[in-house]
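A short reminder: the numbers here are calculations on the coordinates, not readings from a lab. This is a predicted model, so every value here is computed, not measured. With ideal geometry, Cβ positions are generated from the backbone for all residues, glycine too; neighbour counts draw on all protein chains shown.
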Amino acid sequence: MAVALRGGVVAGFLFLLILTECKARIHKLTLKNETRVLVPLNSFGFYPNGTLDVNLLALRLFEQDSVNHSDFPVGFSLSRSRVSGVLSYTAEQPATCPLKSKTSPNNEPLIIFLIDVKRLQVNVTVVGEQDNILTAKRKGQPPDQRKRRDVPPEGGAPLQPVNNAEHASSQDKNEGDSGNQKKDSQTDQKAIPAEDETPFDLNKTKSFVLALNRMENSYNFSFHLKVGLVAQGLYNLNFHYCQNLATRNMLPYSFAVEVTEKNPGGCYLSAAEIPLSRLYIGMAGVFFTAALVWVYTLMKHRYSVFKIHWLMAALAFTKSTSLVFHSINYHFINTEGHPIEGWAVMYYITHLLKGALLFITLALIGTGWAFVKYILSDKEKKIFMIVIPLQVLANVAYIIIESTEEGSSEYSMWKQILFLVDLICCGAILFPVVWSIRHLQEASSTDGKAAMNLEKLKLFRHYYVMIVCYIYFTRIIAILLKITMPFQWQWCYEFLVEVSTLIFFVLTGYNFRPASNNPYLQLPQDEEDVEMDEVVTESGALEGISKVKKTSNGRDRQKESTL
């Protein structure tokens with residue numbers, strides 16, 4: 001327990017050092033001296049009329065005469081999954097540059113933004129079926145064409161008219177805002193600022209050119225995307241720097257980007273995350289009710305209660321509190337676009353305590369502590385010495401993942417650490433149960449209490465199966481179900497995990513409830529065979545007392561023999 005407390009204190013300090021900016025749906029990412037070929041910016045599930053705003057603030061490339069950015073292009077890709085929720089256009093490093101091939105696996109709908117720094121333009125190519133409206137500043141639009149959207153610019157791709165009443169007001173607003181800008185008549189290598197923003201119907205217009213602005217040594221542009229009815233789904237936004245794909249000398253680049261995603265109704269959450277706030281607050285009420293029922297059971301059978309029973313109650317209340325703060329955190333992300341730091345801190349603290357209490361309780365029940373014995377063996381102490389620090393590391397990794405952007409280089413590293421550490425903790429927690437089962441198997445054939453030990457052995461085997469099923473379902477099966485669900489139903493993954501956790505808590509409490517007819521708490525009937533590590537009484541008040549086997553001295557035996 002002392003190790004757990006020290007681990008919690010250390011994790012608390014690490015948390016305060018790490019939490020500098022909480023992850024939000026208004027993403028702000030700045031990368032300096034980056035060398036990755038592919039930077040996954042974000043994945044988001046859009047409903048119809050959802051909007052995506054991307055603003056590239058400052059892109060700095062490695063300027064060298066030998067580097068030809070037309071041969072090794074740089075830009076963005078926005079893909080939509082055709083599968084029900086699985087993105088086959090993944091964030092792994094591709095073998096070929098998707099900006100150059102202009103194709104995607106499984107012919108998924110794809111929008112390519114190819115940045116041409118020499119001509120100061122962004123070439124947009126639309127692949128596959130689209131039902132989106134993209135609004136951006138096109139390059140070199142003459143002022144007399146500001147009100148005629150059906151007239152294409154000279155030398156540019158033909159533009160289709162957009163007859164959409166919903167875009168008329170935004171179009172007029174953009175024209176009014178841009179009316180104050182001054183036209184730059186220069187058409188040389190310098191940037192040509194567009195006079196206004198133009199909507200492009202991507203279902204009709206498959207290629208067009210946008211303006212790329214240059215300020216000193218950096219480039220910038222922006223676009224706004226409105227999702228149509230047919231085009232709803234799971235989108236993946238990536239940044240590509242294909243120069244480092246074909247050379248061993250990794251050339252650095254830097255950029256700052258702002259990404260804002262919204263669903264209809266002003267929701268900043270992805271389609272799969274919108275129900276989570278209500279889900280977590282509902283499950284918090286269920287866990288709190290279960291905790292109250294457990295406390296009532298402890299008070300009703302107070303003469304059979306041990307310390308670990310109260311530890312199980314503390315775990316249930318901590319789980320309920322963690323879900324409350326988790327729900328509040330998602331509520332503010334949904335309405336504000338970012339979490340409120342105070343509520344986020346409270347959630348991370350309760351989440352850390354919940355994780356530590358869960359593995360401590362499982363390990364103590366598995367070793368039989370407080371029920372059968374009060375001293376942990378050296379092997380069992382080593383399990384706690386390993387599991388508790390790993391749990392602290394897992395919680396720190398979780399906090400880092402939640403407080404950093406998906407596109408940062410640390411995100412993928414800590415995500416892999418979290419997955420690996422979590423699996424190690426789940427595997428290590430099974431060892432105390434296996435040792436207890438082996439101990440009961442040996443004791444059932446040697447100490448003359450075979451019936452009672454076999455009952456306990458059966459209970460431990462059920463407990464072992466429960467833990468294995470819980471681990472497999474929450475870590476493997478639920479994830480497989482998530483990736484096969486439609487994008488708007490992926491919140492069911494969290495629902496399945498919470499329900500399985502509730503079932504696991506209820507079954508554990510039922511099997512190890514404080515009752516006189518519980519085989520785990522039954523006392524041996526033969527007082528002569530009581531061992532030092534077994535319980536004398538069911539009363540928690542006499543916890544820690546053990547019976548000593550009585551023996552008679554040699555004189556008493558001699559008297560009995562002479563009589």
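Counting other beta carbons within 10 Å of each residue's own, what order do 412, 304 fall into, fewest first?
Exposure proxy ranking, most exposed first: 412, 304.
By counting other Cβ atoms within 10 Å of each Cβ, how are 346, 283, 299 ranked from fewest to most?
Ascending Cβ contact count within 10 Å gives the list 299, 346, 283.
Determine the relative contact order of region 276-535: mean sequence separation of Cα pairs under 8 Å and six or more apart, normalised by residue count, in whole percent.
Answer for region 276-535 is 20 percent.
Treating the Cα atoms of region 276-535 as identical point scatterers in vacuum, please give the log10 of the normalised Debye intensity I(q)/I(0) at q = 0.07, 0.11 Å⁻¹, two decimals.
Cα-only, vacuum Debye calculation for region 276-535: -0.29, -0.68.
Starting from the Cα of residue 35, step 7 Å toward the Cβ, then list every residue of region 225-245 with an amide N under 20 Å from that point.
239-245
Compute the distance from the alpha-carbon center of region 301-346 to that of region 395-434, in whole Å.
Region 301-346 and region 395-434 have Cα centres spaced 20 Å from each other.
Listing 387, 227 from the residue with the fewest other Cβ atoms within 10 Å to the one with the most, what is the order?
If I rank by nearby Cβ atoms, fewest first, I get 227, 387.
What is the spin-label model distance, in nm, from residue 214 to residue 381 if the labels are put 7 Å beyond Cα along the C-beta direction?
7.0 nm
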